[in-house]
Every structure is written in C-alpha cells, then in structure tokens.
Amino acid sequence: MWSYYNPVEIIFGENKFKEVHSALKNKSYIIITHPEEIFKKYSDELSSSSNPPLSIMTDVQPNPDYKDILELQNKFASINKTVDYILAIGGGSVTDTAKAIAAFRDKQEYLTDFVRNKKNPKVENPIKIIAVPTTSGTSSELTCWATIWDKEKNNKLSLAHKTLYAEKAIIDPSIMIDKPLGLTISTGLDALSHSMESIWNVNANPVSASHAIQASKLVLENLPLLAKDLKNIELRANIARACVHAGLAFSNTKTAIAHNLSYPITLNYGIQHGIACSFTLPIVTRSMIGIDKIAEERLQLIFNDNLENSSLKLSEFMRSLEVPLNLNEIKVPVQEWNNIVDDAFLGERGKNFIGNKDAFISSAKLMGLF
Ligand SMILES: NC(=O)c1ccc[n+]([C@@H]2O[C@H](COP(=O)([O-])OP(=O)(O)OC[C@H]3O[C@@H](n4cnc5c(N)ncnc54)[C@H](O)[C@@H]3O)[C@@H](O)[C@H]2O)c1
Ligand SMILES: [Fe+2]
C-alpha cells in the first residue's frame, strides 16, 4: 500500500526564465532573491516590464535565520497592498525564506510561536509561490517544507505544511551557469543525499524510489564532468534534471539519518549543508547490508553492484570531488561525533531511517571515519 503526491507544475528548459512574465500576468507580486549583483538582472527585467513587482527583498543570507526573516516581515508589513504571489529567485535559502513569508506574512508572532515556542505553524491561506531555483540541490521548489535556522538558540526547524508547495517551478539551467565550483559540488551532493535518503526511508514507495535511482545516477555520472567544465550547459541541465528527480523522490519521504547528522555539523562547525549531509553517505550505504531486501535492491541499481562495492565506489566518487570523508578533515572531535550520532538516531529524520545505529557505527569504522 502506498500513495504518491506532488502538485508543483514544472517548467524546465534553457532560457525558460521568460515564462515568469505570463505566470505573473495581471497579478501583484513581490520578489525575494539573493543580494549579490548577479541576481539583479532578473529583478531588473521584471521591474522594467509592464507589471513590475510591489517590492524586491534581497536581504536573504545563506541558511535563513529566524532574525533575518523577522526583518523581512517588517518590510512585508510596509507594502500595504494585496500580494498575490511571491517570486523566489535563488537557492534553497531564498525559496525557504519565501515559504516563511508566504506562510506567516507580516505576523511576527506566528513565526516566533513556531520557532521559539515550538507551536505548530499557523498557516492560513499562504501567498502563492513561483520558484525559480538558481542552485540544483535543495529541490525546495518541489517540497512543502522550509528549513529555518535559529542560530542564537543553536537550533534548526523544518516549517512543513501541505499548502506550502510552490504553484510553479521554473527551472532554467542557464541561470545556474555561473555557479562556482564549491557551490556546484555541495548542491549536487545535496541532491544525491536527498535521493539516497529517500531510499533508506520508512516512507519510500515505488515511485519515489524510481525517481531516487534516476536522480542518483544522473548526479554520479554528471557531477564529476561538470566540476571540470562549469560552463557546460548540457551538464548543468543534467544536474538540474537530477535535482527534479531528487525533489520528486524526497518530497514524498523526507530525508533520513544523513540529514539529521548534518545539522549540528553545519551549525557548530560551519560545514556547508551539501557537504555535511553527504559525507556520511558511503557509511550509511554500507550499513544497509542485510537490513531490507527492497531498499538493498534499489541501492544496488544505482551502482550496479553489491552494497559493499557500492559504498567504496561512492567514497571514491566523493574523494574525486575533494569531499572530506573523515572526522579529522571535518574537524569534529570523536566525543562530539558520538553525541551527534546518539541525537541523530533519536531525531525526527533519524526515525525515518530503516537501518540501525549499531550497523552504522561498525560501518563508520570499516569506512575509515575515525
Ligand atoms: N526546503 C528544503 O526542502 C531544503 C532541502 C535541503 C536544504 N535546504 C536548505 O536550503 C539552504 C541551502 O540552499 P542552497 O544550497 O540552494 O544554497 P543557498 O540558497 O544558501 O545559496 C548559497 C550561496 O550561493 C549563491 N548562489 C545561489 N545561486 C547562485 C548562482 N546561480 N550562481 C552563483 N551564486 C549563487 C547565493 O547567493 C548564496 O550566497 C539551507 O538553509 C538548507 O538547510 C532546504
Ligand atoms: Fe539537504
């Protein structure tokens, strides 16, 4: 028994950014985007059109923080006009910020109740979102959740609500052509992590799994080539397509243990999300030996090999991208790591994982984590 759901309309292709004009025709909207100069041309194009935005919000930093979103809510409050749509042009940080504003508008008390008082999010009739991703990694354009960080309290929250899917995702690989090497690798590995995490997952189903296998294969085949040829639009498109499949996979399962392990590593050691959530993938892969026949078969399809060899191939792949694979390189002390592992297996995402802690720990030793 299983069900599958994803309501986002996907428009995919080179130079498809122009589709935003017809999508927003006769609608009022604001733009949320990154502050860097390279993004200005997209908001400029809309500002000089016959239907300019009511406001352009550019104060979005990587890993959106509670305090930053409060500031944006102040700005939103000053608009004083009906906002039909939010156009989010950016990476996961922008799309997730757009979701927070769409959900809570100018109601700062709703955001605070959710982030600080641990109440269920009060989401009523959120503003519609059109997402134009500029990275290929989070697939936030295809999920109904957003990661909000509370750096002051050393916390990470997942705002999740079935009304928070974007209405449309306009995925234009040409927008991603200037992504630097580090960001290309870390976001590509985030997509790989979402895919694999959706396979060793209590919520996996045959449709999510076939998207996950397809996504993983595309990342493994294309990311090393793209790392050597960053301006290659065909490779960019392949990775963007991988990210679509990854989103269609994990939008139905959520993530699992590798993501739960990653959050304190990002918060306390400053490791980028895509690296933090992927450096354990070879270990988790090996820990799946003998755990679940169906998951094992699905993982074997990615590498066309048994799981022991698959985990070694995955390590080699990550090494070729210069990803740190042991605690020395990640700079996490062993005692701290042990605490992170204990907490991760108890956390919400950890409970999605169909494997177990003992197998994970022995696999970590075998794979040279220490
Ligand atoms: N909602 C979800 O389902 C989900 C899933 C995974 C991760 N996340 C969250 O998403 C955030 C990370 O998002 P991200 O990895 O997409 O990065 P990001 O949005 O944080 O962007 C990182 C940096 O890359 C720059 N950038 C973005 N696009 C670029 C481009 N085309 N060219 C050059 N520079 C560009 C940005 O200006 C920014 O400085 C984290 O907060 C993470 O926790 C959300
Ligand atoms: Fe992720």
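The values are calculated or read from the model by the stated rules, or taken from the named source; none is laboratory data. Computed from a predicted model, the values in this text were never measured in an experiment. Counting neighbours? That spans all protein chains shown, and the Cβs are built from the backbone with ideal geometry, glycine included. Note: accessible area is taken over every heavy atom of the protein model, side chains too, but ligands, DNA and RNA are not part of it. Shrake-Rupley method; radii C 1.70, N 1.55, O 1.52, S 1.80 Å.
Structure values in brief
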read-out	value
Residue that is farthest from ligand 2 (Cβ to nearest atom), among those in the range 30-67 that are among the hydroxyl-bearing types (S, T, Y) and open to solvent by 70 Å² or more (accessible area, probe 1.4 Å)	S50
Some residue of the range 180-191 being among the β-branched types (V, I, T), within 16 Å of ligand 2 (Cβ to nearest atom) and over 14 Å from the mean Cα position of the chain (by Cα)	no
Filter result for N80 (modelled with pLDDT under 95 and away from ligand 2 (no atom under 16 Å from the Cβ))	yes
Residue match in the range 272-284 (condition: open to solvent by 40 Å² or more (accessible area, probe 1.4 Å) and hydroxyl-bearing (S, T, Y))	no
Entirely in the range 85-159, the strands (runs of 3 or more DSSP E) that have 3 or more residues that are under 21 Å from the mean Cα position of the chain (by Cα) and over 24 Å from P264 (Cα atoms)	85-90, 128-133
Selection count, the range 344-360, where residues are open to solvent by 60 Å² or more (accessible area, probe 1.4 Å) and among the aliphatic types (A, V, I, L, M)	1
Lone unmet requirement of (1) within 15 Å of ligand 2 (Cβ to nearest atom); (2) in a helix (DSSP H, G or I); (3) in contact with a Lys or Arg (Cβ under 6 Å, 6 or more places away or on another chain) for T255	(2)
Near pairs, Cβ below 6 angstrom, 6+ apart or cross-chain, from the range 243-264 (within 12 Å of ligand 1 (Cβ to nearest atom)) to any residue that is open to solvent by 10 Å² or more (accessible area, probe 1.4 Å) and at pLDDT below 95	T255/R349; H259/R349; Y263/K156
Only one of I294, I275, I302 that is of a type in the set (A, V, I, L, M), within 16 Å of ligand 1 (Cβ to nearest atom) and more than 14 Å from A364 (Cα to Cα)	I275
Matching option when the condition is in contact with a Ser or Thr (Cβ under 9 Å, 6 or more places away or on another chain), more than 16 Å from ligand 2 (Cβ to nearest atom) and open to solvent by less than 20 Å² (accessible area, probe 1.4 Å), among I130, I89	I89
Among (1) under 23 Å from the mean Cα position of the chain (by Cα); (2) closer than 30 Å to V207 by Cβ; (3) open to solvent by less than 30 Å² (accessible area, probe 1.4 Å), the one test that E14 misses	(3)
